[in-house]
Structures are given as C-alpha cells and as structure tokens.
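The structure appears right after this line, and notes come after that.
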Amino acid sequence: MPELPEVEEYGRYFTRHALNRTIKRVDVRDERILGIVRKDAFTRRLRGRAFTHVRRHGKHLFVQAGTTWLHLHFGMTGDLLFYRDAAETPRFARVIFDFNDGSHLAFDDMRLFGVVDLIDDPDTFIAEHRLGRDPLDPKFKAADFRKLIAKRRGGIKALLMSQDFVAGLGNLYVDEILYETGIHPRRSAEKIKDLDAIYTTMRKIVRKPNRKLPRDEGELCPKCGGTIKRAVVAGRTTYFCGGHQR
DNA sequence: TTCCATGTTCCGCA
DNA sequence: TTGCGGAACATGGA
C-alpha cells in the first residue's frame, strides 16, 4: 500500500531490521523487477557489503551500501519483509537479501510495477526524475507551496498527484486532502483561494493518515450529510462528497 | 468470466 | 510548452 506515509514506514522498517548486517547472498528471483542495473552487476556490487543508511524522497526509498545506493520503488503492490526463517519467504519475493547472521530481507511485489535498482546518488536521481518537494521536508513551507502552485494550472487532483509538483501523494491521499479541505477534485488549481489549507492538510495527512473519506458510492458524508460520489478524475477512480466539495 | 486495483510512463491531441 | 485522456505494463482478488 505505497504512498508517502507507507514508504516512510518501509524506511523505518528497513532501518530497524536490515541495517549494518553483512549481505551474504543476493537472490534475484525475477529480473523484471530490476531497473537499469543487470542481475550480475546488482549481485556483485552488493555482496559482502552492508546497508548503512536509509533515505526517502516522495515514494522512493534509497539505501546506502558503500559507494552505491539501493533504490526501491513500491509500485502498487510492493512490500518489504524481514524474517529469520526461510519458510516465511513471501509468495511474490522478487529479490531476497540473505545476511550473514541468517536473517533475510525480501522485496515482495505481486504485480511487478515496483523497481529495485542501484544508483550512484539520490540527489542526482531526484533531479533527473524531476521529483518535486517532499511534503515532510521541514524546509517546505506554505509560502513555497503557494509559489509552486502559482506556476501551474489544470485540475487540482491531477496536480497534487503529479510527482514533479509535490513528490509522494497518490490517489487515496489526494482524495483525502480534497475531502478535508472541501475542494472538488476537478476544480482548477488557479481558482483555489485557500492554498494554505491544502498545504496544512497535506502535511497533516501525510504525517498521520486518518482515512475518513468513505469509499462507497451513495454513502452519506459524515461531515455534511451529502452523498458520496464516484468518478474518474485524472485517470483514477475518485471518491468525493457531492455536498461539501466544490 | 469480467472488472478493478494505493503507480508510472509514453503517445497523440488540443 | 502544458495539460489531458487513454493505453500499456503484470497479476491476483472479488
């Protein structure tokens, strides 16, 4: 379930379990999960090393291992699992790291939309892929958000989901932000007055998701009693309240 | 069997 | 140049 808050949690999970253990063996079970790097290079460059430091930007996780960085993207169904007993190997493990102490870390991904790769430098990656600011970055202020949005036009939902605008928001959290702020997902960004409310709500939800938006068409809105509607906006199934979201 | 899925990218069109 | 809709990717679950 990977949007920013989930990827942040994977980062903490990685830090808690898989740092500073020597990598004894790298098992690439399905090469389709790899990005640029080929299987033999991937294995060779990590074997004997240890992961030392985890960094996240938007939905991307970067883990330092000597002079290289492991890059993880979770796609729709990516997951991370640390375990000691090989019998616990998850069903769709695509890459498994075996550590010297007998423990394992698996990247599990049923649909294979995720990516496991090696990169030289996260900052270069972020720049090259034109990723926007991370909502959890303490230096990302309301004034920065206002400046950014002033340069853009188009529907607010599509904009908030654009990783080059702000990195890390996906379908569910954008719906949540618009529900909380009472904004219709198709409203033009340039017509929104209260940008600070979006900024504040975005930061709040990404820190502590509340998942209050009902995801059933026809249900009554707990906020205003309006009817929950379902539509396709920016190419994604969207739930919003026909009552208070304008 | 059919539809749908918390993501990204590429293409054609306006 | 920007934004948008649609399709593609791969696979299982309801």
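The values are calculated or read from the model by the stated rules, or taken from the named source; none is laboratory data. Computed from a predicted structure; not experimentally measured. Cβ atoms come from the backbone with ideal geometry, glycine included; neighbour counts cover every protein chain shown.
Table for the structure above
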quantity: Residue within segment A:190-213 that is within 15 Å of DNA strand C (Cβ to nearest atom), loosely packed, with under 13 Cβ neighbours inside 10 Å, more than 14 Å from the chain's Cα centre (by Cα) and outside the structural domain of A:HIS60 (by TED's automatic domain parsing) present; calculated: yes
quantity: Single residue of segment A:32-44 satisfying the filter (loosely packed, with under 15 Cβ neighbours inside 10 Å and outside any loop (DSSP other than H, G, I, E, B)) that is nearest to the chain's Cα centre (by Cα); calculated: A:ARG32
quantity: Qualifying residue in segment A:164-180 (condition: more than 16 Å from DNA strand B (Cβ to nearest atom) and touching a residue at least 24 places away in the same chain (Cβ under 8 Å)); calculated: yes
quantity: Hey, A:LEU220 farther than 23 Å from A:GLY75 by Cα, without any contact (Cβ under 8 Å) to a residue 12 or more places away in the chain and either of a type outside the set (S, T, N, Q) or out of contact with any Asp or Glu (no Cβ under 8 Å at 6 or more places or on another chain) (or both) or not; calculated: yes
quantity: Enumeration of residues in segment A:45-74 that are buried (at least 16 other Cβ atoms within 10 Å of the Cβ) and assigned to a loop (DSSP other than H, G, I, E, B); calculated: A:ARG49, A:PHE51, A:GLY58, A:LYS59, A:PHE74
quantity: Every residue from segment A:1-30 that is within 16 Å of DNA strand C (Cβ to nearest atom), over 28 Å from A:ASN171 (Cα atoms) and either not in a loop (DSSP other than H, G, I, E, B) or not charged (D, E, K, R) (or both); calculated: A:VAL28
